[in-house]
Every structure is written in C-alpha cells, then in structure tokens.
Amino acid sequence: MADVRTQTILVVEDDPRVARLVQRALLEDGYQVELAYDGLQGEQTAKQQALSAIVLDVMLPGQDGMTMCRHLRHTGIRTPVLMLTARDGVPDRVRGLDAGADDYLVKPFALDELLARVRALLRRPAATGERAEYLQVGDLRLDLDSHDACRADRPIELTTKEFRLLAYLMRHAGRVLTRSQIVDQVWGYDASATSNVVETYICYLRDKIDRDFASPLIRTVRGAGYMIKP
C-alpha cells in the first residue's frame, strides 16, 4: 500500500461498477477519491477542488472525456489525467494525448496497472509541485506529509483514521458532509463502518481539536452531517 498522503483522485466513469472498483483500489492504496458519473459533473468537480490526479473515461454522457480534458487544459488546469478507453487503436491514443491527457490505459485493465500509472503520474514534477503540503482552517493546521497537526501551535496527536477524517473535513471546509460521504471517503468498503462509527470518530476529533478552545471548529448540522469551519 502506498504511503498515505491524502492525495485526492477524481474518477470520472459512467459505469457504477467500474467506478466503485477503481474507487476501492485507490482508497486501499491510500488516496481519497471523488466520483463523477458524467463529463459535465467531472469538469465542475475538477474546477472546484484541488486534485492530485484525474482518472477519466473517454465515453461519458453529457460530455465526453476528450472534451472535458480539453476544457480543463484551456482553463489552465494542469492536473495529471489518466484516460481510460475501450479503444486501443493508435489514432485513439493520439487523440487522447492531443486533448491533454498525460497517460492512456485501455479497458479492460488490471487494477494494479492503473495504480502503478497513477503513482507514476504523481511522481512527475508538475504533479508534485501542485500538491498542497498542508491544510489550514482557522488556527488549525494539518501537514499532509508528516501527518503532524496543531492548533494555535499546540501539537495534536492523531491516529491514521482520525488523520484521514480530519483531512477530508478540511479539504471541504465550509461544506456539509453527510455520514455516508464520510464513510465512503474515509472507510471505503469496510463493512464495519456505520454512521455510529463516524459519530464516534467525530467525538474523538472534537476532544482533541476543540476541547480547551473557546471557538469550536467541527460543527454538527442537524439532520445533514458534519462540517469544519473557523
């Protein structure tokens, strides 16, 4: 398994079965994953969130992957793109690369190969240069490389799961995240993960982050979920 650095990968795939398989493989390899099921949703997500890489299917409803990739490049977004396609002809690969893709993988593919190609993309200078080294919300700071956390310069010890949960909340600061979203992103396919487990870990984080501070950062939005904001 890769060293967990909470890099976020966007998977744009209209086949729910394939999307979930890729999501599970990426989660198990230590990444956070955003899913989109059509090209328009994928483009919107890529423009709104800081991403480390995009796994992009060519054949998509709404807008195909080639068009989405060209739009991102025209707007200056240089996030590495691994393009997936069922077509293995040279002209198809050339079209994908000319549209701005960084790599090309033909379906059906082995998940191990997909993971290896994602890791290769993330090792490239452009990818590592764009990745944020830390997250900050108010006086709370989280180092993505060392996993160190501190609030108002006071160190906070986190378990691996607490780190993943806090990083997910901080990446979406100011946005309400449902329990099911949190389970998907932090626990993945762990069958033991439930909304009660989420609530328990939120309590752990509150005890470490908000206790002894006058202004709590982690909020419960009744009937909706949780969010973090200064």
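Data for the structure
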| read-out | value |
| --- | --- |
| Å² per residue, accessible surface of segment 138-227 at 1.4 Å | 51 |
| Dipole in debye (nearest 20) - segment 156-223, about Cα centre, beta carbon charges: Lys, Arg +1; Asp, Glu -1 | 240 |
| Proximal charge balance of residue 49 [Cβ under 12 Å; K/R count +1, D/E count -1] | +1 |
| Accessible area (Å², 1.4 Å probe, nearest 10) - residue 146 | 60 |
| Test item: Cα-centred dipole of the chain, Lys/Arg +1 and Asp/Glu -1 on Cβ, debye | 440 |
| Using alpha carbons only: equivalent-ellipsoid semi-axes of segment 1-67, gyration tensor based, whole Å | 21, 14, 8 |
| Fraction of beta bridges assigned by DSSP in the chain that are antiparallel (%, nearest 5) | 45 |
| Distant alpha-carbon pairs in segment 39-123 (separation over 23 angstrom), percent | 15 |
| With every protein chain in place, segment 1-110: carbon and sulfur % of accessible area (1.4 Å) | 51 |
| Cβ-based charge dipole, the chain, positive-most Cα from 177, 99, 198 | 177 |
| Computed Rg/Rh of the chain, alpha carbon atoms with Kirkwood Rh | 0.99 |
| Mean residue ellipticity (222 nm) of the chain, computed from DSSP H runs ≥ 4 via -39,500 (n - 2.57), nearest 500 | -12000 deg cm²/dmol |
| Compactness index (Cα Rg / 2.2 N^0.38 Å), segment 32-81 | 0.99 |
| Neighbourhood charge, 13 Å Cβ-Cβ cut-off, centred on residue 137 and excluding it, Lys, Arg +1 and Asp, Glu -1 | +4 |
| Residue 147 accessible area, 1.4 Å probe, all protein chains in place, Å² to nearest 10 | 60 |
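The values are calculated or read from the model by the stated rules, or taken from the named source; none is laboratory data. Treat the numbers as computed from the prediction; the structure is a model and nothing was measured. Note: ideal-geometry Cβ built from the backbone for every residue, glycine included; neighbour counts use all protein chains shown. Ligands, DNA and RNA are stripped out before the accessible areas are found, and what is left, the full protein with its side chains, is counted by its heavy atoms. Shrake-Rupley method; radii C 1.70, N 1.55, O 1.52, S 1.80 Å.
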